[in-house]
Amino acid sequence: MSVYSKELSVPSRKRVELLSMTSQVGSVVSESKIKTGICLLFSPHTTTAIFTNENESNLLADIEEALEKLIPVGGSYRHNRIDSNSDAHLRGILVSNSLTVPIEGGSLALGTWQTIFFADFDGPRHRRVKVTVVGE
Ligand code: ZN
């Protein structure tokens with residue numbers, strides 16, 4: 001069994017931004033030479049998330065709107081007494097900050113309509129994603 005790790009750089013340009021990172025992650029899986037296993041993506045931040053879904057512009061707008069309805073930016077939050085980003089922390093928890101994707105035949109075994117997204121809820125910032133590929 002082999003383990004291959006790499007840290008990817010993900011610069012966001014807006015406060016809330018959903019960024020496709022499937023090709024970057026696919027390159028790491030290729031570099032790893034691992035044919036069968038798992039690829040773990042982990043965000044070492046508290047106001048971001050990683051998820052997979054369809055890369056369709058209307059859906060991405062729906063996701064942003066649904067999160068705004070559930071956890072509005074201007075809500076009354078205790079954490080905002082010392083910081084101004086409680087909504088971003090809460091959204092990060094709701095969506096999750098890690099994702100595991102199977103590797104089959106040396107590639108990410110994503111479904112036809114699945115794209116890997118990095119979500120920044122408190123950008124713009126320079127963000128990082130840790131990628132760990134485990135298998136043989
Ligand atoms: Zn904070």
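Setting aside same-chain residues fewer than 8 positions from K69, which aspartates and glutamates have a Cα under 15 Å from its Cα? Within the straight-line limit of under 15 Å, K69 reaches these aspartates and glutamates: D87. With Rh defined as the Kirkwood radius, the inverse of the mean 1/r over Cα pairs, the Rg/Rh of the chain is 1.01. For the range 1-110, the set of GluC sites (Glu not before Pro) satisfying both a DSSP loop assignment and a count of at most 15 other C-beta atoms within 10 Å is given as E54, E56.
Adding -39500 (n - 2.57) for every DSSP H run of four residues or longer, then dividing by how many residues the chain holds, sets the calculated 222 nm ellipticity at -8000 deg cm²/dmol.
Ligands, DNA and RNA are left out, and with a 1.4 angstrom probe the accessible area of the chain is 55 Å² per residue. Within the accessible area of the range 2-135, what % is carbon and sulfur when the probe is 1.4 Å and the other protein chains stay in place? Its accessible area is 53 percent carbon and sulfur atoms. Measuring gaps between exposed loop sites in the chain (trypsin sites (Lys or Arg not before Pro); DSSP loop; at most 11 other Cβ atoms within 10 Å), the longest gap, sites not included, is 15-136. In the range 24-136, Cα pairs under 8 Å separated by at least six residues give a relative contact order of 52 percent. Could you work out how far the C-alpha centroid of the range 36-64 sits from that of the range 73-122, in angstrom? Answer, in whole Å: 6.
The values are calculated or read from the model by the stated rules, or taken from the named source; none is laboratory data. Keep in mind that what you see is a predicted model, and the values were worked out from it rather than measured. Positions of Cβ are backbone-derived with ideal geometry, glycine not excepted, and every protein chain shown enters the neighbour counts. Please note that ligands, DNA and RNA were not included when accessible areas were found on the heavy atoms of the full protein model with its side chains. Shrake-Rupley method; radii C 1.70, N 1.55, O 1.52, S 1.80 Å.
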